[in-house]
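K.L.:
The structure's right below; bear with me while I get my questions together.
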Amino acid sequence: MPRFKITLEYDGSRFAGWQLQKGEKSIQGECMDACRKVFETDTFEFYGAGRTDAGVHALGQVAHLDVKTSLKPEIIQLRINDQLPHDINILQVERVREPFHARHDAIARSYVYQISTRRNAFGKKHLWWIKDKLDVKRMQQATSLFVGMKNYQSFTNEKAETESKTVEVQHLQVHQQGDLLIVHIVGSHFLWKMVRRVTGVLVELGRGNLDEKQIQSYFNTLHNDPARFTAPPSGLFLEKIYYSEEKVEFTFRTLFAT
């Protein structure tokens with residue numbers, strides 16, 4: 001059965017997340033419904049590289065599709081998009097060899113989190129508006145505390161899918177672009193709610209409610225603080241999934257700024 005690599009973008013605002021869920025609208029569910037209409041069969045697999053939570057968006061999610069078809073990739077893209085709602089869009093369809101697996105073959109992932117320092121008429125679903133004054137320089141300096149192979153047990157919880165809480169964060173920076181703050185993080189993989197909790201901790205530091213020693217302690221012993229500081233899903237975007245043939249880049253893109 002042919003296998004295709006699907007790259008897609010979506011606004012997660014009105015969905016219960018990526019994963020197929022009974023009685024809920026999901027990104028995967030909408031894509032599978034579209035595939036049923038295009039290929040007129042239930043015999044296919046549509047598997048994503050990672051699960052985004054309710055309200056989280058994607059600029060470059062990846063999935064693989066196994067389906068018996070003679071359609072060319074560009075026609076598959078057009079036909080699936082014709083069946084998808086306006087807030088999900090297939091960016092590219094590529095024919096790949098069957099050993100390719102959207103999740104297991106990924107070598108790194110990147111996320112961006114968008115924070116607005118002013119009230120914004122257009123970005124409520126895609127930003128976290130913070131009214132408090134933030135010490136951005138201090139936030140930027142603290143990013144080094146998160147980089148490397150570390151135990152992120154304090155940044156997730158027992159519901160996380162993986163038993164190991166060790167994650168290699170290759171890159172973390174806070175960029176300021178006018179009224180926007182962009183948290184850009186690249187890592188081997190990410191635990192449930194980890195990026196939102198890293199962002200929340202950085203914001204608390206910027207507010208003056210935390211110091212570097214407290215953040216360092218989160219990696220040494222289990223703390224509940226990061227859970228209390230979890231950033232809302234609205235500002236989070238899965239930016240890119242990297243595979244072995246790709247060079248991991250530390251540049252970033254966002255919905256509002258490049």
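The values are calculated or read from the model by the stated rules, or taken from the named source; none is laboratory data. Quick caveat, the model's predicted, so the values are computed rather than measured. All Cβ positions, even for glycine, are placed from backbone atoms using ideal geometry, and neighbour counts span all protein chains on display.
K.L.:
I'd like to verify a number: residues in the range 226-258 that are in contact (Cβ under 8 Å) with a residue 60 or more places away in the chain and outside any loop (DSSP other than H, G, I, E, B), how many?
P.N.:
The qualifying residues number 13.
K.L.:
Would you mind stating whether His184 is surrounded by fewer than 19 Cβ atoms within 10 Å (Cβ to Cβ) and at pLDDT 95 or above?
P.N.:
no
K.L.:
Could you look through the range 23-46, keep only residues that are touching a Gly at 6+ places or on another chain (Cβ under 9 Å) and in a loop (DSSP other than H, G, I, E, B), and pick out the one that is farthest from Val96 (Cα to Cα)?
P.N.:
First pass over the range 23-46, keeping only residues touching a Gly at 6+ places or on another chain (Cβ under 9 Å): 24, 26-28, 31.
With the extra rule that they be in a loop (DSSP other than H, G, I, E, B), the set shrinks to 24, 26.
Details: Glu24: 31, Ser26: 25 Å.
Among residues in the range 23-46 that are touching a Gly at 6+ places or on another chain (Cβ under 9 Å) and in a loop (DSSP other than H, G, I, E, B), the one farthest from Val96 (Cα to Cα) is Glu24.
K.L.:
Can you go through Ala102, Ala108, Ala63 and tell me which one is assigned to a loop (DSSP other than H, G, I, E, B), in contact (Cβ under 8 Å) with a residue 40 or more places away in the chain and of a type in the set (Gly, Ala, Ser)?
P.N.:
Ala102
K.L.:
Out of everything in the range 147-156 that is touching a helix residue (DSSP H, G or I) at 6+ places or on another chain (Cβ under 6 Å) and assigned to a helix (DSSP H, G or I), what residue ends up being surrounded by the most Cβ atoms within 10 Å (Cβ to Cβ)?
P.N.:
Per the stated criteria, the residue is Phe155.
K.L.:
Keeping to the range 193-252, report how many residues are among the β-branched types (Val, Ile, Thr), closer than 20 Å to Val136 by Cβ and surrounded by 14 or more Cβ atoms within 10 Å (Cβ to Cβ). Let's see the steps before the verdict.
P.N.:
Pass one, the range 193-252, residues among the β-branched types (Val, Ile, Thr): 195, 198-199, 201, 203, 215, 221, 230, 241, 248, 251.
Of the ones still in play, those that are also closer than 20 Å to Val136 by Cβ are 195, 198-199, 201, 203, 215, 251.
When the remaining residues are screened for being surrounded by 14 or more Cβ atoms within 10 Å (Cβ to Cβ), the result is 195, 198-199, 201, 203, 215.
Count: 6.
K.L.:
Could you tell me which of the residues His171, His189, His223 is outside the structural domain of Thr52 (by TED's automatic domain parsing), within 18 Å of the chain's Cα centre (by Cα) and either over 27 Å from Arg103 (Cβ atoms) or not in a loop (DSSP other than H, G, I, E, B) (or both)? Outline the logic, then answer.
P.N.:
Details: His189 fails: either over 27 Å from Arg103 (Cβ atoms) or not in a loop (DSSP other than H, G, I, E, B) (or both); His223 fails: within 18 Å of the chain's Cα centre (by Cα).
On inspection, the qualifying residue turns out to be His171.
K.L.:
Related question: Out of the range 66-97, which residues are among the β-branched types (Val, Ile, Thr) and in contact (Cβ under 8 Å) with a residue 40 or more places away in the chain?
P.N.:
If the condition is that a residue be among the β-branched types (Val, Ile, Thr) and in contact (Cβ under 8 Å) with a residue 40 or more places away in the chain, then Val67, Thr69, Ile76, Ile80, Ile88, Ile90, Val93, Val96 are the ones that fit.
K.L.:
Taking the condition of being closer than 14 Å to Gln77 by Cα and either aliphatic (A, V, I, L, M) or not assigned by TED's automatic domain parsing to the domain that holds Val56 (or both), how many residues in the range 6-20 meet it? Can you show your working first?
P.N.:
To start, the set of residues in the range 6-20 that are closer than 14 Å to Gln77 by Cα comprises 6-9.
With the extra rule that they be either aliphatic (A, V, I, L, M) or not assigned by TED's automatic domain parsing to the domain that holds Val56 (or both), the set shrinks to 6, 8.
Adding up the residues that qualify gives 2.
K.L.:
Select from the range 103-120 the residues that are among the aliphatic types (A, V, I, L, M), buried (at least 17 other Cβ atoms within 10 Å of the Cβ) and over 22 Å from Ile215 (Cα atoms) and list them in ascending order.
P.N.:
Ala106, Ala108
Residues are listed down the side, and each one gets a yes or a no for (1) farther than 19 Å from Lys5 by Cβ; (2) crowded, with 20+ Cβ neighbours inside 10 Å; (3) not assigned by TED's automatic domain parsing to the domain that holds Thr7:
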{"position": "Glu45", "(1), (2), (3)": "no, no, no"}
{"position": "Gly60", "(1), (2), (3)": "no, no, no"}
{"position": "Gln77", "(1), (2), (3)": "no, yes, no"}
{"position": "Gln92", "(1), (2), (3)": "no, no, no"}
{"position": "His101", "(1), (2), (3)": "no, no, yes"}
{"position": "Phe122", "(1), (2), (3)": "yes, no, yes"}
{"position": "Ile130", "(1), (2), (3)": "yes, no, yes"}
